[in-house]
1. Under the condition of being of a type in the set (Gly, Ala, Ser) and in contact (Cβ under 8 Å) with a residue 12 or more places away in the chain, which residue from the stretch 312-347 is surrounded by the fewest Cβ atoms within 10 Å (Cβ to Cβ)?
2. How many residues does the stretch 299-348 contain that are polar (S, T, N, Q), more than 17 Å from Leu27 (Cα to Cα) and at pLDDT 95 or above?
3. Select, from Ile265, Ile205, the only residue that is in contact with a helix residue (DSSP H, G or I) (Cβ under 6 Å, 6 or more places away or on another chain) and in a helix (DSSP H, G or I).
4. Which of the residues belonging to the stretch 154-175 are assigned to a loop (DSSP other than H, G, I, E, B), within 25 Å of Gly286 (Cβ to Cβ) and out of contact with any strand residue (DSSP E or B) (no Cβ under 8 Å at 6 or more places or on another chain)?
5. Report, ordered by the first and then the second residue, all pairs with beta carbons closer than 7 Å, sequence separation of six or more or different chains, a first member in the stretch 280-303 that is in contact (Cβ under 8 Å) with a residue 60 or more places away in the chain and part of a loop (DSSP other than H, G, I, E, B), and a second member that is among the aliphatic types (A, V, I, L, M) and open to solvent by 20 Å² or more (accessible area, probe 1.4 Å).
6. For Phe275, which of the numbered conditions (1) open to solvent by 10 Å² or more (accessible area, probe 1.4 Å); (2) in a loop (DSSP other than H, G, I, E, B); (3) in contact with a Phe, Trp or Tyr (Cβ under 8 Å, 6 or more places away or on another chain) fails to hold?
7. Is at least one residue of the stretch 120-141 among the polar types (S, T, N, Q), under 25 Å from Asn330 (Cα atoms) and open to solvent by 20 Å² or more (accessible area, probe 1.4 Å)?
8. How many residues are open to solvent by 40 Å² or more (accessible area, probe 1.4 Å), touching a strand residue (DSSP E or B) at 6+ places or on another chain (Cβ under 7 Å) and closer than 21 Å to Leu31 by Cα if we restrict to the stretch 67-105?
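The values are calculated or read from the model by the stated rules, or taken from the named source; none is laboratory data. If you're wondering where the values come from, they're calculated on a predicted model, not measured in any experiment. Cβ placement follows ideal geometry from the backbone for every residue including glycine, while neighbour counts extend to all protein chains displayed. The area values use the complete protein model at the heavy-atom level, side chains included, leaving out ligands, DNA and RNA. Shrake-Rupley method; radii C 1.70, N 1.55, O 1.52, S 1.80 Å.
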Amino acid sequence: MNSAKHILFLVPGFPADENDFNCIPPLQEFLLKFKSSYSSAKISVIPFQYPYQQKDYIWNGIKIYPLRGKNLTLKKPLVWLNAIRWATHIHKSNPVDVIHSLWLGECAKIGIFLSKKFNCKHICTLMGQDVKSTNRYLRLSKNKKNKIIALSQNQSDEFFQLTKRKPDEIIHWGIDDQNFQNADRDIDLLAVGSLIPLKNYSLFIKLIAEIKRTKPKVKCKLIGTGPELPTLMNLANEKQIRENIEFTGLLSRVEIFKLMQRSKIFVHPSTFEGFGYVFAEAFVNGMNIISFNVGCAQQHPKWFIAKDDMEFIKITEKLLSAELDFDPVNIFPLIETVKIYASLYGID
């Protein structure tokens with residue numbers, strides 16, 4: 001097997017240590033599975049902005065070279081220069097075969113430059129809001145040697161509309177099965193995500209208020225933090241549903257999965273997703289899903305896709321009165337994601 005390849009990842013951020021659960025979970029899962037599946041391959045990672053520590057470090061056996069950009073605009077040219085210097089140093093020590101950038105942004109820009117310098121392949125995985133008309137790096141799509149990977153059909157279609165270029169492939173982020181015993185599902189509705197306007201959690205509050213009319217004891221939880229928290233709490237007070245919803249704040253992934261295993265319906269009212277890894281997480285923990293047609297949304301007996309706010313509320317009301325299936329489902333197996341990328345990396 002030709003697995004002795006060196007893959008250099010260029011990313012905006014990376015976990016500061018092995019307990020930093022909240023930093024790009026799908027990448028963490030991918031790297032751990034890839035490393036265990038292809039132990040002869042070498043992986044190096046250069047995070048541009050986060051973490052902020054000064055020295056390089058080891059994360060689960062992988063060498064990380066942080067640049068500590070801290071998202072400071074004036075510091076970006078220095079960060080880019082340091083990325084080139086570190087990558088050149090890494091390449092001299094062990095020639096890089098593939099550069100893999102996440103997000104069509106500064107990492108992809110430097111990745112394209114380095115791939116020419118090292119005469120190696122460059123892959124860029126689109127992630128989310130980099131597929132928006134406001135992204136000035138969309139022009140990088142004109143470089144045909146830059147292999148573009150989309151996470152979902154919805155994202156691929158959006159990217160084509162913006163750039164008139166189809167992504168080279170669609171590769172979902174994968175997830176491993178979860179081992180758990182189905183217990184009582186005492187939580188009716190669960191939502192998980194960043195509390196920002198894009199995620200549209202005001203609809204979750206309005207939804208609970210509507211359901212409370214016929215189910216006064218409906219039990220709900222909203223997991224996450226963000227600038228919208230005060231607004232959402234005020235709206236919950238206004239709608240008189242504070243006894244029906246718990247704002248949990250930030251929880252670990254283990255804690256989130258435990259709550260998913262106690263919950264009936266995963267409510268995700270977001271108006272935009274590149275993929276929506278949380279969908280995969282909800283499915284492997286046995287939940288049913290209600291969402292709009294965003295990210296990896298697709299027809300499935302346990303996935304219900306609404307066209308507008310009114311239909312979103314009606315579908316949820318109907319589901320709460322139905323006999324639901326809580327068996328776990330994995331439609332995005334992690335090993336399949338790893339195998340597809342391994343092939344792109346040139347690993348037989």
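1. Here is the first cut: in the stretch 312-347, the residues of a type in the set (Gly, Ala, Ser) are 321-322, 342-343, 346.
Subsequent filtering for residues that are in contact (Cβ under 8 Å) with a residue 12 or more places away in the chain retains 342, 346.
Details: Ala342: 19, Gly346: 14.
The selected residue is Gly346.
2. Final tally of qualifying residues: 4.
3. Ile205
4. His172, Trp173
5. Final answer for the pair search is Asn293/Ile305; Ala297/Ile305.
6. Of everything listed in (1) open to solvent by 10 Å² or more (accessible area, probe 1.4 Å); (2) in a loop (DSSP other than H, G, I, E, B); (3) in contact with a Phe, Trp or Tyr (Cβ under 8 Å, 6 or more places away or on another chain), Phe275 misses just condition (1).
7. No, the stretch 120-141 contains no residue that is among the polar types (S, T, N, Q), under 25 Å from Asn330 (Cα atoms) and open to solvent by 20 Å² or more (accessible area, probe 1.4 Å).
8. 5
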